[in-house]
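Below is one structure, written out as structure tokens; comments come after it.
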Amino acid sequence: MWQPIFPAWDRRNRQVQMNNNLFRILSVIGLLAVNVDIWAKGNVMAGQQKSQVCQACHGSDGNGTDPSYPNLAGQHASYLRQSLRDYRSGARTNPVMASFAKTLGDQDIEDLAAFYASMKGLEDIQIK
């Protein structure tokens, strides 16, 4: 077996490698913990049940009952989640939406976003 000329250097090198590995592992764990939102999934069926109040303005099919109400059908889940969170926190202002959003928990928002995102509606426009 190979014997280092300076044993202290070999121990130091192993310690540095262990510290680097520990840093990598903790970095990955930290990234996963910070991006927990990526892993959160809403339940479409639960979202459908929770959407009863929303349907008064946004329609049972996710399309607004009046041109002043936005269509939610097919909208991106990430956009819907962020919008509801912003209404809830007050970062986005609309008295009607704020009053509804303040009653929603995080899972309610996930479920509603999943439900409306699962509907047919938003489509990419092809430029010809």
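For the range 37-122, give me every one of the helices (runs of 4 or more DSSP H) that falls completely inside it and has 1 or more residues that are of a type in the set (Gly, Ala, Ser) and over 18 Å from the mean Cα position of the chain (by Cα). Don't jump to the end; show me each part of the working.
On the way: elements: 44-50, 55-58, 77-89, 95-101, 106-118.
Result: 55-58, 95-101.
From Tyr69, Tyr87, which residue is of a type in the set (Phe, Trp, Tyr) and modelled with pLDDT of 95 or more? Even if it seems obvious, please write down each step before you answer.
On the way: Tyr69 fails: modelled with pLDDT of 95 or more.
That would be Tyr87, the only listed residue that is of a type in the set (Phe, Trp, Tyr) and modelled with pLDDT of 95 or more.
List the residue pairs whose Cβ atoms are under 9 Å apart, where the first residue sits in the range 86-111 and is within 15 Å of Gln49 (Cβ to Cβ), the second is polar (S, T, N, Q) and not in a helix (DSSP H, G or I), and the two are 6 or more positions apart or on different chains.
Gln107/Asn43; Glu110/Asn43; Asp111/Asn43; Asp111/Ser51
The values are calculated or read from the model by the stated rules, or taken from the named source; none is laboratory data. What you see is a predicted model, and the numbers here were worked out from it, not measured in a lab. For neighbour counting, all protein chains shown are included, and Cβ atoms are generated from backbone atoms with ideal geometry for every residue, glycine included.
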